[in-house]
1. Could you please find all residues in the stretch 112-148 being modelled with pLDDT of 90 or more, touching a helix residue (DSSP H, G or I) at 6+ places or on another chain (Cβ under 7 Å) and part of a strand (DSSP E or B)?
2. I'd like the residue in the stretch 340-357 that is part of a loop (DSSP other than H, G, I, E, B) and touching a strand residue (DSSP E or B) at 6+ places or on another chain (Cβ under 8 Å) and, out of all such residues, is nearest to residue 435 (Cα to Cα).
3. Tell me yes or no: at least one residue of the stretch 197-208 is in a loop (DSSP other than H, G, I, E, B), buried (at least 16 other Cβ atoms within 10 Å of the Cβ), at pLDDT 85 or above and outside the structural domain of residue 393 (by TED's automatic domain parsing).
4. Out of the residues in the stretch 264-283 meeting the condition of being over 23 Å from residue 401 (Cα atoms) and surrounded by fewer than 20 Cβ atoms within 10 Å (Cβ to Cβ), tell me which one is modelled with the lowest pLDDT.
5. Evaluate the following for residue 400: is it surrounded by 23 or more Cβ atoms within 10 Å (Cβ to Cβ), in the same structural domain as residue 425 (by TED's automatic domain parsing) and closer than 27 Å to residue 107 by Cα?
6. Does residue 505 qualify as being surrounded by fewer than 16 Cβ atoms within 10 Å (Cβ to Cβ), within 20 Å of residue 370 (Cα to Cα) and in contact with a helix residue (DSSP H, G or I) (Cβ under 9 Å, 6 or more places away or on another chain)?
7. Condition check: at pLDDT below 80, outside any loop (DSSP other than H, G, I, E, B) and closer than 30 Å to residue 111 by Cβ. Does residue 231 satisfy that?
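The values are calculated or read from the model by the stated rules, or taken from the named source; none is laboratory data. All of these numbers come straight from a predicted model, not from anything done at the bench. Glycine gets a Cβ as well: all are built from the backbone with ideal geometry, and neighbour counts include every protein chain shown.
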């Protein structure tokens with residue numbers, strides 16, 4: 001049985017409401033007698049979990065008789081409804097609006113096509129594009145294109161999007177729409193020739209949208225209207241993203257085994273504890289039905305639970321807030337819990353000071369979310385770097401609303417004393433101004449590397465200085481953007497009456513204006529440097545430098561100082577931290593080959609894999625023996641070519657697998673992690689591996705994952721093969 005295409009009505013009735021809070025928490029419910037097919041499509045969409053341009057999948061359920069249901073975030077009406085409402089009077093949409101919609105959808109497709117294996121939508125039209133409550137475009141119905149034996153490709157998605165944009169344009173010949181119409185015609189021809197990919201299309205359409213609305217994009221630079229993604233598209237063509245009949249059988253057969261000592265809501269398996277506090281425990285857990293990781297936040301304090309639910313209900317679907325998926329009522333022995341989206345980048349850190357432009361964009365995003373809360377009469381009450389989480393899509397999300405209170409209520413003593421303003425530290429009433437002052441202190445901390453008034457003499461001394469009215473020094477990190485420094489210092493004034501009084505909405509607009517020039521005329525080649533298509537600047541490159549706490553690379557006694565310098569330069573280019581390697585031998589001649597260097601760089605730049613991944617590579621296989629050895633064999637695209645093996649070792653403690661490796665690197669000639677040396681290059685179709693010990697010295701078990709990187713295909717590694725001992 002094949003996965004049916006789930007119909008998306010123009011105005012699907014929201015179902016499900018959160019009765020525990022003042023504001024209803026609306027969701028959309030889809031049901032089907034073909035439960036495995038429905039869940040298979042939801043699994044495909046859940047691969048883009050947390051993406052700001054995709055309708056979020058909250059939960060899935062399968063009955064014993066094969067029926068299924070999927071709960072999604074409420075994403076508003078479809079483009080069909082918008083066209084119907086505006087078509088009678090306008091005959092379609094204006095060119096700038098069409099370009100903006102196209103840029104947002106193309107940006108989603110670019111991220112989906114860049115996944116491994118690539119995720120292809122296969123059914124782009126105006127019925128799968130939604131307009132959420134925040135006025136943003138979201139793409140729906142991934143997995144709906146899995147029909148028969150036909151496999152859609154990335155160029156098919158781009159071509160379908162261009163055809164749809166053509167139909168959205170106003171039928172009347174408006175002069176302002178001519179440039180968009182002309183570009184769409186050229187882009188369609190370029191797509192037919194394989195010269196235009198989703199990323200280039202998003203950049204070009206984003207430029208047209210900015211031009212149509214009269215703004216200069218931040219960081220303008222030249223961009224071609226034809227793009228250069230043809231090679232990338234060729235590499236991913238032929239990879240099917242549809243689930244097979246065996247996959248659907250596996251979905252029905254999923255049986256979750258509870259972990260002793262940890263009771264989570266049904267359907268979630270704990271991976272590791274993230275935090276333990278006075279309000280309850282926070283767990284990283286696996287949702288096996290949707291094949292993704294989530295955060296399960298348990299509560300022992302009902303007041304904190306209600307505060308969190310109320311705030312999350314108001315911010316439902318906001319791109320600067322953590323995503324809420326499910327509320328589970330407690331039943332002994334499991335306490336009540338909220339299931340949230342997993343922001344795998346973790347809390348923001350100040351170990352690498354942020355640039356003024358990054359701080360302005362970050363502050364504007366957080367101020368947007370605070371504006372929503374303040375407009376509902378709520379104050380977050382604990383803005384600090386630890387409550388700003390980075391997701392994998394380059395967005396920063398506000399988290400932890402357990403101390404959020406009503407405007408005018410007494411502040412919680414649990415707030416961060418290093419970032420809270422004096423009136424909050426003194427036990428005064430919560431006000432929106434306190435949130436903005438704490439946001440300014442957070443930006444100061446991220447830019448300077450330490451919070452305002454920090455002198456290394458302890459928190460009590462810092463609080464005493466703040467309460468006595470001492471003003472912090474000017475932030476040197478913001479000297480190149482004086483407007484940001486002025487705003488931050490004004491918000492850090494000890495007296496609330498001396499601070500700007502425009503509120504969070506004005507703060508967001510002020511911070512954005514610092515990096516967005518006033519309206520002006522554009523040249524045809526002006527384009528955003530890093531468009532996301534989602535109304536925010538992509539911080540992915542910045543966050544990639546802080547995403548993982550990488551373990552120290554092992555030293556090699558036979559590697560050269562010259563080799564160490566080369567490896568260090570390669571790792572720095574990939575924003576990783578390396579250690580120098582030392583040794584007496586001359587540099588191997590193979591490292592002068594650009595392809596080998598590119599392969600080594602790609603292998604070391606790979607992020608850690610998911611040790612619980614259910615992927616089944618078709619071009620690599622692993623045979624492990626009880627003796628402690630294994631043979632890795634390659635076929636298909638890797639056969640007959642030189643290749644490398646990237647290996648990651650994870651600790652397993654009390655049945656919970658760490659999500660960060662304790663060791664990683666390129667497999668050397670002896671089959672273990674030895675660093676990227678010339679001997680690591682494999683030229684046959686198989687390689688011997690030495691499995692890790694059954695236990696580490698600290699008693700933790702070990703799970704290992706390996707991936708194959710072809711020297712001539714460095715950007716297209718195989719999925720991970722994982723095993724445990």
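1. Once the filter is applied, which keeps residues that are modelled with pLDDT of 90 or more, touching a helix residue (DSSP H, G or I) at 6+ places or on another chain (Cβ under 7 Å) and part of a strand (DSSP E or B), the stretch 112-148 yields 129, 137, 139.
2. In this case the residue turns out to be 348.
3. yes
4. The qualifying residue modelled with the lowest pLDDT is 266.
5. In short, no.
6. Criteria met by residue 505.
7. yes
Per-residue answers, yes or no, for (1) under 30 Å from residue 389 (Cα atoms); (2) outside the structural domain of residue 138 (by TED's automatic domain parsing); (3) in a strand (DSSP E or B); (4) modelled with pLDDT under 90:
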{"position": "9", "(1), (2), (3), (4)": "no, yes, no, yes"}
{"position": "51", "(1), (2), (3), (4)": "yes, yes, no, no"}
{"position": "58", "(1), (2), (3), (4)": "yes, yes, yes, no"}
{"position": "66", "(1), (2), (3), (4)": "no, yes, no, yes"}
